[in-house]
Each structure stands twice: as structure tokens, then as C-alpha cells.
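Remarks on the structure that follows.
The values are calculated or read from the model by the stated rules, or taken from the named source; none is laboratory data. These numbers come from a predicted model, not from an experiment. All Cβ positions, glycine included, derive from the backbone under ideal geometry; neighbour counts span all protein chains shown.
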Amino acid sequence: MTYHTSTQERPIDIINVAALEEKVKVNMEPGAFGYLAGGAESEITLRANVTSFEHKKVLPRVLQNVENPDLRTSLFGIELSAPIIAAPIAAHGLVHEQAEKDTVQGVGAAGTIFSLSTYGNATVDEVAQASPETPKFFQLYMSKDDDFNHWILDKAVADGYKAIVLTADSTLGGYRESDIIHNFTFPLPMKNLAEWASKTAGNERGEGEGIAAIYAKAKQKLSLKDIKAIKDYTHLPVLVKGVQSADDIEDLIQAGADGIWVSNHGGRQLDGAPASFDNLEDIAKVVDKRVPIVFDSGVRRGQHIFKALASGADVVAIGRPMLWGLNLGGIQGVTDVFNHFKKELTIDMQLTGSQTVEDIKKAKLVDAK
Ligand SMILES: Cc1cc2nc3c(=O)[nH]c(=O)nc-3n(C[C@H](O)[C@H](O)[C@H](O)COP(=O)(O)O)c2cc1C
């Protein structure tokens, strides 16, 4: 069956990025939308990710001699227009015909980093060709088959991807009820898997399967040794994604992690886990600026970015709202979402007397009473 999705290429109206979800919902079939928007089990963690930002308040400051706040920063030496990057997300083809080929251009136009998922609907090469100048990270779901791991890492290196993101929180799929209710399976091939399957006469293409079945075929027994193995093989920085416990940090850094990506996968894995933001400060204390921290899960406002940076993150990653932009406006829609975050963050910076991103990091948040 042919899968029909958006072909829109146009600017989009944004009041706030969370409100875009409702506009996308009416464009999509319930199974595909549920896969994107849904979380695990009772979705307690999914909801808490957004509401937890209310646990801290931002303190206005006055007479701080600030005008035109400067959002620029850098990560691994890559210049960014703002402390906001793209989270890796599987299957952008569900929301737009051009899939990751559009997203990478939209993110590039916003002046920041695109992260490609192993389970994307465009290959490592296609994404690189769609936007050679956009800085890119490659997110690895490690396979049990090291030949696959080497083959795909070779491509990421050859195509100039700047870092490898090792996702560590998804050695099996969370219990996602929407996927079960709709019996959701991917209508399109995951093109990296499909390319490997055609090279090796395999049959793992992602198409026609649910995410839980796909995760089940990846490597479950991930260990600290995998960090060094990827580093030695690629000579690229390795970020470990899906970190939620401060107790994991020392081991990860000793094992060679070049960056810690604090995330609970947007509430899609362990329901009943704390909101990602609630774990950030404790993690940042242990990291103690030894390596950069990327933060995601629940970021819907410039204010959330401000609070994450003031709690120890160096940059935040945008997940679902980026897809809503892609669905509604293609390349321009993606750029518009990132620019909207920048607009809100600029207001927060001005009103808190923060001239630079470093000033945000020094800002004192107030505990909610
Ligand atoms: C539909 C969907 C697919 C995702 N696919 C991946 C993936 O392939 N690899 C990965 O590391 N994280 C994946 N994630 C998690 C995101 O990188 C990010 O952690 C999450 O979207 C943040 O939550 P938020 O979207 O609510 O802000 C996915 C998230 C969503 C919503």
C-alpha cells in the first residue's frame, strides 16, 4: 500500500511549537501519529517531561546593560547560531515525502547540527548529499552484527559526520500502547537497513515491522567497552545518549564518553521514570564540565532551553516539534520551528539580563514554592 504524506514546502505560522501538534494530528493517520506523539505505558513520564520545567522559575533581572542577546555557542568546535540542535528521530518519512533530506536542510538553514538516526528514511549518504554544509551527527543503534556497525560508521566518517551518538536507552522498546492499539508498522523502508539488506542479501529493511521488533534485533548487551570501540574505529567524539542517572556518569567518562546526552527518549522508554529535566542538575554536578552535556525531552519553550542551560546543559536538542514543522512546511517549516525557539529564548535572555549563552549558564533559578 502506498503511504501518503505531506509534500508542503512553505513558511508556517507558529504561536508556540506545542500547538503545532494538533495541526499535524489532523493531517495524519492515527497509527503513524500515535507512533510519533505517543509515549510508554500511562505516559506519565511523557507528560512530566514538559511539566517538570515548572519545578524551577526564571528570575528577572534589571539594569543589566543588555541589548540584542547573542545566542551563538559551539559544540565540539562546531559554531552554532544558538544552543539548540536537532535530536535524532527515526522515520521522518512518516511526516514528509522528502523525509530527512528536507529536515537536514531546514536545520542547516537554522545554523545548527542535524542528527541522523540509524532508523531514518534516508541513508547516511543521501542526507550528506542533501546538505553537505550542514554539520551532522550520526546516531547509532548498535547492531549485533559488527559488520553492519563498521559499514555504517565508515559511511558516517567518509561523509564528514562530526560525532557519533550512541543511543543507550533503547535496548528494547518501551511498552507503547498506541502502537499496539493501531498495530503500527513502518510503511516505508528504513533506508540504511534496506541498503545493508540489499548488500548482504538480508531481509531486515524496517518496512512492515514495528519499532519493538526492530529494537529486538539490535544489540541488547551494550557495555562501556562499546564507547571505546566506536571511538577507536571512527576517531570521532562519542556522545552517550539516554543518560538519566548521575550514578552512571563516572563510568561513562572513564570509559571515554566525549559527551553526555541527558534524555529519557521523550518518555517513550521507561514510564514512571523521572522527567529528564528533574535529573539534569544532579548529572551536571557529577559531570562537572569535564565533557559537554546535551539535554532533551520535553523542550517546548525558549524558557525550557534557558532552564536547561542554567541547570548544567550546554545545548538542548529538539525532538517532536521539529517533525511538526517538517510536516507543515518542509524545509522552511523546520527552520521556522528552530527560529521560534530562538525568538522565545531571546526574550528570556533580555528579561533576565543575559547577554550571552555563558550568562544563561550562570543564571540562578528559583525553586518553585
Ligand atoms: C518518533 C520518535 C522517534 C525517535 N527515534 C529516535 C531514534 O531513532 N534514535 C534516538 O536516539 N532517539 C530517538 N528518539 C528520541 C529523540 O531523540 C529525543 O530524545 C526525544 O524526541 C525528546 O523528546 P521530545 O520529542 O518530547 O522533546 C525518537 C523520538 C521520537 C518522538
- Task: Return yes or no: is L323 surrounded by fewer than 24 Cβ atoms within 10 Å (Cβ to Cβ) and either in contact (Cβ under 8 Å) with a residue 40 or more places away in the chain or touching a Gly at 6+ places or on another chain (Cβ under 9 Å) (or both)?
- Result: no
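Output the residues belonging to the range 218-252 that are among the hydrophobic types (A, V, I, L, M, F, W, C) and either within 14 Å of the ligand (Cβ to nearest atom) or touching an Asp or Glu at 6+ places or on another chain (Cβ under 7 Å) (or both).
A218, L222, L224, V238, L239, V240, V243, A246
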- Item | Enumeration of residues in the range 127-144 that are touching a Gly at 6+ places or on another chain (Cβ under 9 Å) and charged (D, E, K, R) | E133, K136
- Task: Filter the range 287-313 down to residues that are farther than 27 Å from Q8 by Cα, within 16 Å of the ligand (Cβ to nearest atom) and of a type in the set (V, I, T) and give me whichever is surrounded by the most Cβ atoms within 10 Å (Cβ to Cβ).
- Result: I305
- Message: So for the range 10-23 (the condition being over 21 Å from the mean Cα position of the chain (by Cα) and crowded, with 18+ Cβ neighbours inside 10 Å), does at least one residue qualify?
- Response: yes
- Query: Hey, any hits in the range 73-89 for a residue that's in a loop (DSSP other than H, G, I, E, B) and without any contact (Cβ under 8 Å) to a residue 24 or more places away in the chain?
  - Reply: yes
- Task: Tell me, yes or no, whether the range 314-334 has at least one residue that is within 11 Å of the ligand (Cβ to nearest atom), out of contact with any Ser or Thr (no Cβ under 8 Å at 6 or more places or on another chain) and under 18 Å from S81 (Cα atoms).
- Result: yes
- Query: Which of the following residues is surrounded by 14 or more Cβ atoms within 10 Å (Cβ to Cβ), in contact (Cβ under 8 Å) with a residue 40 or more places away in the chain and more than 18 Å from the chain's Cα centre (by Cα): V50, V66, V62?
  - Reply: V66
- Task: State the number of residues belonging to the range 253-272 that are within 16 Å of the ligand (Cβ to nearest atom) and either under 15 Å from the mean Cα position of the chain (by Cα) or not in a loop (DSSP other than H, G, I, E, B) (or both).
- Result: 11
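Give the residue, chosen from K191, K225, K221, K155, that is crowded, with 18+ Cβ neighbours inside 10 Å, at pLDDT 95 or above and charged (D, E, K, R).
Result of the check over K191, K225, K221, K155: K191.
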- Answer yes or no as to whether I164 is touching a residue at least 40 places away in the same chain (Cβ under 8 Å), crowded, with 20+ Cβ neighbours inside 10 Å, within 20 Å of A197 (Cβ to Cβ) and hydrophobic (A, V, I, L, M, F, W, C). no
- Query: Can you pull out the residues in the range 268-316 that are charged (D, E, K, R) and at positive phi?
  - Reply: D288, K289
- Note on the structure: Counting only residues in the range 284-321 that are in a helix (DSSP H, G or I) and among the small types (G, A, S), the one farthest from K361 (Cα to Cα) is identified as G302
- Item | Residues that are within 12 Å of the ligand (Cβ to nearest atom), among the small types (G, A, S) and out of contact with any Ser or Thr (no Cβ under 7 Å at 6 or more places or on another chain), drawn from the range 22-51 | A32, A37, A40, A48
- Select, from I230, I283, the only residue that is within 15 Å of L166 (Cα to Cα) and at pLDDT 95 or above. I230
- Which of the residues spanning the range 273-283 are part of a helix (DSSP H, G or I) and within 16 Å of the ligand (Cβ to nearest atom)? S276, F277, D278, N279, L280, I283
